[in-house]
1. Going by the conditions given, is Val206 farther than 23 Å from Pro105 by Cα and not polar (S, T, N, Q)?
2. Tell me yes or no: at least one residue of segment 10-17 is on the phi > 0 side of the Ramachandran plot, more than 9 Å from ligand 1 (Cβ to nearest atom) and assigned to a strand (DSSP E or B).
3. Starting from segment 195-209, keep only residues that are over 11 Å from Val172 (Cα atoms) and within 13 Å of ligand 2 (Cβ to nearest atom), then list their pairs with residues that are acidic (Asp, Glu) and not in a strand (DSSP E or B) whose Cβ atoms are within a distance under 9 Å, requiring at least 6 positions of separation or different chains.
4. Kindly indicate which of Val73, Val97 is under 26 Å from Val23 (Cβ atoms), buried (at least 16 other Cβ atoms within 10 Å of the Cβ) and touching a residue at least 60 places away in the same chain (Cβ under 8 Å).
5. Exactly one of (1) more than 16 Å from ligand 2 (Cβ to nearest atom); (2) among the small types (Gly, Ala, Ser); (3) in contact (Cβ under 8 Å) with a residue 60 or more places away in the chain is unmet by Gly54. Its number?
6. From the list Gly233, Gly201, which residue is under 24 Å from Gly7 (Cβ atoms) and touching a Lys or Arg at 6+ places or on another chain (Cβ under 9 Å)?
7. Tell me, please, whether a residue that is farther than 19 Å from Gln99 by Cβ and in a loop (DSSP other than H, G, I, E, B) can be found in segment 130-141.
Amino acid sequence: MESTVTGRKNGDQPPVVQYDGVVKRFGSLTVLNGVSARVNKGEVVCLIGPSGSGKSTLLRCTNALEIADGGRVVFEGQPLPKTEAELRHVRRRMGMVFQNFELFPHMTALENVAVGPITILGADPAEARAKAQALLEKVGLGAKGGNHPSALSGGQQQRVAIARALAMDPDVMLFDEPTSALDPETIGEVLNVMKRLAEEGMTMVVVTHEMSFARRVANWILVFDEGRVIEEGPPAQIFDAPTHARTQSFLSHLG
Ligand code: ADP
Ligand code: MG
């Protein structure tokens, strides 16, 4: 169900991810200072804001790459568990795509995509490889499965990374500036793959500086500043009629 009033999707259902007053400190530095927000099923929520405002840290608290010091992250109705063994189960349900791809350099593209299901989920290797091939085709790289990452462009590597995350059948995909390390000519191919994922209904949390992507694909924007969400709303509101002076300042200083 889409609500045209609020701009949110599936607001009548429990959120996939909920942040309740999340606090994160590194030493004496408070990086997240009480972030509350929700991500509903099928939503694309974009996190925007100045460098150092805490966007990556919130993303990393989502799948417990960082552990919040205060508040809580609730995933599919359950607060993130405490033990590493339990966290491993939760992390499998969340795909993550990093700025720098982080593919396994000694494996081919196909092996990169198939390895998680085989080693973590115990999938049949032949089935995992067939599924990996289908996922590579889905991201436009069906002919590149035999290439090692070093023989692929940045945009191609990032599409392999997306296929690798999808191979685990995640319930939500977390993207941390997935196009920031790319040559300009390969950014579009990655954004197009992400747009198609969104159209298929994937729940996505995306840290990005690509404001045209955020405007076209996100249904909800969180604006970060100094460890807080200072403003949130649908793209039209955030980009055309921001209410917070710092949002206006951030948007007006973008290229
Ligand atoms: P953003 O993604 O919005 O640019 P980050 O979440 O990466 O911001 O960082 C927020 C702040 O936290 C920055 O000041 C950054 O230097 C600091 N920070 C991030 N990770 C660490 C860490 N592991 N140790 C110490 N400080 C960190
Ligand atoms: Mg960041």
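1. Yes.
2. For segment 10-17, residues on the phi > 0 side of the Ramachandran plot, more than 9 Å from ligand 1 (Cβ to nearest atom) and assigned to a strand (DSSP E or B): absent.
3. Val207/Glu177; Thr208/Glu177; His209/Glu177
4. The unique qualifying residue is Val97.
5. (1)
6. Testing whether each residue is under 24 Å from Gly7 (Cβ atoms) and touching a Lys or Arg at 6+ places or on another chain (Cβ under 9 Å) leaves just Gly201.
7. The answer is yes, given that some residue of segment 130-141 is farther than 19 Å from Gln99 by Cβ and in a loop (DSSP other than H, G, I, E, B).
Taken together, the values in this text are just the output of simple stated rules run on the coordinates, not laboratory data. From a predicted model like this one, the values you see are computed outputs, not experimental measurements. Note: ideal-geometry Cβ built from the backbone for every residue, glycine included; neighbour counts use all protein chains shown.
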